[in-house]
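The values are calculated or read from the model by the stated rules, or taken from the named source; none is laboratory data. Just so you know, these numbers come straight off a predicted model, no measurement behind them. Neighbour counts are summed over all protein chains in view; Cβ atoms, including those assigned to glycine, are modelled from backbone coordinates with ideal geometry. Surface accessibility is based on the protein's heavy atoms, side chains included, excluding ligands, DNA and RNA. Shrake-Rupley method; radii C 1.70, N 1.55, O 1.52, S 1.80 Å.
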Amino acid sequence: MLRPIVTIALREWRSMFLSPLAWTLIGVLFAIVSYMFVGAISRYHEQQFAYGSFGGGASQLPLTDMVVAPMFGNVAVLLLLVLPLITMRLLADEKRHGSWPALASSPITAGQIVLGKYGGLLLFLMMSVGLLSLPAWLLFGFGHPDGGQILSGLIGLLLVSATFGAIGLAASSATDNPMVAAITTFGMLLLLWIASWTGEAAGDRIEKILSYLSLINHYENFLKGVISSADLSYFLLCSAAGLLYARQRLVTERISA
Amino acid sequence: MSDLMIEITQLSRFYDRKKVLDQINLEVKRGEVMGFLGPNGAGKTTTLRILAGLLAPNEGSVRIAGIDIMEQPVAARTKIGFLPESPPLYDEMTVREYLVYLAQLRQVPSQQVNQAVDRAMDRCGLTAVANRLLRNLSKGYRQRCGIAQAIVHSPEVVILDEPTVGLDPIQIREIRGLIRELGGDHSVILSTHILPEVQMTCNRVALIHNGRIVLQDSLEGLERHARRERGYRICWEHPPDEALLRGIAGIAEVSGDGTVWSVIPLASADPIPELVRQSVAHGWGLRELTPVTQSLEEIFVRLATQEN
């Protein structure tokens, strides 16, 4: 039951690193994040200086809130922009390049294929998110950041990227054209991100729904250091919905293709 | 256990209400190599994709080694190996990595994976390129990899969709040899529109046209059928009078344009020795006497056009 999932996941993960795409994305993101980090640090430094000279005395401004939280927020936006380029290949590429029959004629279920692909993607995401969060840990070298809050933000970031990945996988299952999958994913992620924007104009009840749907509302709690089951279940539900859709897509494809 | 490895019953398949397969029945026994012939668009690929579990049938049933592919799809798929029209390769992997990956997915026990992969590579002549990237292989080698993945888990049924398309004559010969070899331990069904391929590799033939099976027979049965209609192509230096030829016992039909003649014998007679004797006796100068081997093809063309 588990063996084919692990087999597919490991192959997927390896193949991501055999293509220059993953390396380039990680490299470019890391450069951007480091640059933002330096910017946030120097801003913090200025504000701390101003705070001190206006009578703040020796007390410190909250380092994690002012440097780490915005940085993790930015990483999520960057992932929203580039993850569609990673997830687009997951299933669409198999169909486009004709390797799909090798999988589809093997004694494995659609669910195992989807979970295997997702597992490989999660391995990749954990590596990249881990790498991108490295600057935050550097703060321990010259200040007193809140380790718990950083960890909570990191968990939030992992959940956000896992949700992005599941939605990307769903889009990739619906087409044999990776570009179409990428654009669809990008559109859905952006909509999810800004879902609450029209809330106020739409009336009370709809506003509530939209603000629940809005991904950023749930992510912000993690960045503040709050891990609640409501936010956790939001991300898990979104991911599960994506995976279930992808599985259903593969099942019905045998019938309707 | 029954000896029927593939059992297709009343199978139909639609694409957007268009009936692509119309209640076809087909059987392949253990160890048989079945040639699945038909013009392009007749429904060959659709049938094979259903067999391989890539498409679901709309009506009818398919059993692989006695297992219904709709009721127990995963169990049925352990019994098959499938080569689609273009080999299903991952370009970024090496030949060995690729075969190991698929052997694992196809439930080859962990300790036996390497052995199974070595065996498949050996059979398909891939040992020399084991560590090369699939992306860098020539078309012939890619096709062999496609066949290797179809047999790496020693399935009981091997399904090959046009296995020799686009290969050069030497490669075609090698692949045909390999297919012949596969029959025996595996049951093979292969689609093609090349007749000689069937004659060289298969022991049974099915012909599909417009989504219907119009013929299903052993190769010997077909050749017997063909021989009855087989004629001879003859050239003479000094051609005799047509009436004289008709006079020879056992000749059913004579036609010719003065240089090339076609002679069709009666079903029960062999007029050739007498024809040659008279040629020599009258000094007609016999230059060429060839049995016409096109007739198998003609049978297929006739069957295919009759259905229209």
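Just name the residue that is nearest to the other protein chains (Cβ to nearest Cβ) out of those in segment B:95-116 that are open to solvent by 40 Å² or more (accessible area, probe 1.4 Å) and in contact with a helix residue (DSSP H, G or I) (Cβ under 7 Å, 6 or more places away or on another chain). Among those residues, the one meeting the criterion is B:Gln104.
Residue check: B:Arg119 meets all listed conditions (1) away from every other protein chain (no Cβ under 13 Å); (2) touching a strand residue (DSSP E or B) at 6+ places or on another chain (Cβ under 8 Å) but one, namely (2). Among the numbered conditions (1) within 12 Å of chain B (Cβ to nearest Cβ); (2) surrounded by 23 or more Cβ atoms within 10 Å (Cβ to Cβ); (3) of a type outside the set (Ser, Thr, Tyr), the only one that A:Lys117 does not meet is (1).
Contact map, segment A:117-134: residues that are in a helix (DSSP H, G or I) paired with residues that are open to solvent by 10 Å² or more (accessible area, probe 1.4 Å) and basic (Lys, Arg), Cβ distance under 8 Å, separation 6+ or inter-chain. Pairs shown: A:Gly120/A:Arg11. The single condition from (1) touching a Ser or Thr at 6+ places or on another chain (Cβ under 8 Å); (2) aliphatic (A, V, I, L, M); (3) closer than 16 Å to A:Leu115 by Cβ that A:Leu223 fails is (3).
The residue list A:Gly187, A:Gly165 contains one member that is in a helix (DSSP H, G or I) and under 30 Å from A:Gly225 (Cβ atoms), which is A:Gly165.
For segment B:57-84, a residue qualifies if it is touching a Pro at 6+ places or on another chain (Cβ under 9 Å) and at the interface with another protein chain (Cβ under 9 Å from one of its Cβ atoms), and the qualifying residues are B:Pro73, B:Val74, B:Ala75, B:Ala76, B:Arg77, B:Thr78, B:Lys79, B:Ile80, B:Gly81, B:Phe82, B:Leu83, B:Pro84. Name the single residue that is nearest to B:Ala150 (Cα to Cα) among those in segment B:115-139 being part of a loop (DSSP other than H, G, I, E, B) and over 27 Å from the mean Cα position of the chain (by Cα). Going through the qualifying residues, I end up with B:Ala130.
Of the helices (runs of 4 or more DSSP H) that lie entirely inside segment A:1-109, those containing 1 or more residues that are within 14 Å of another protein chain (Cβ to nearest Cβ) and open to solvent by 30 Å² or more (accessible area, probe 1.4 Å) span A:3-18, A:20-51, A:89-96. Among residues of segment B:4-32 that are of a type in the set (Ser, Thr, Tyr), those with a beta-carbon under 7 Å from a residue that is part of a loop (DSSP other than H, G, I, E, B) and open to solvent by 60 Å² or more (accessible area, probe 1.4 Å) at least six positions away or on a different chain give the pairs B:Ser12/B:Asn58. Within segment B:86-94, none of the residues are crowded, with 20+ Cβ neighbours inside 10 Å, at pLDDT below 95 and more than 8 Å from chain A (Cβ to nearest Cβ). State yes or no: is B:Arg142 at pLDDT below 95, in contact with a Pro (Cβ under 8 Å, 6 or more places away or on another chain) and not in a loop (DSSP other than H, G, I, E, B)? Answer is yes for this residue.
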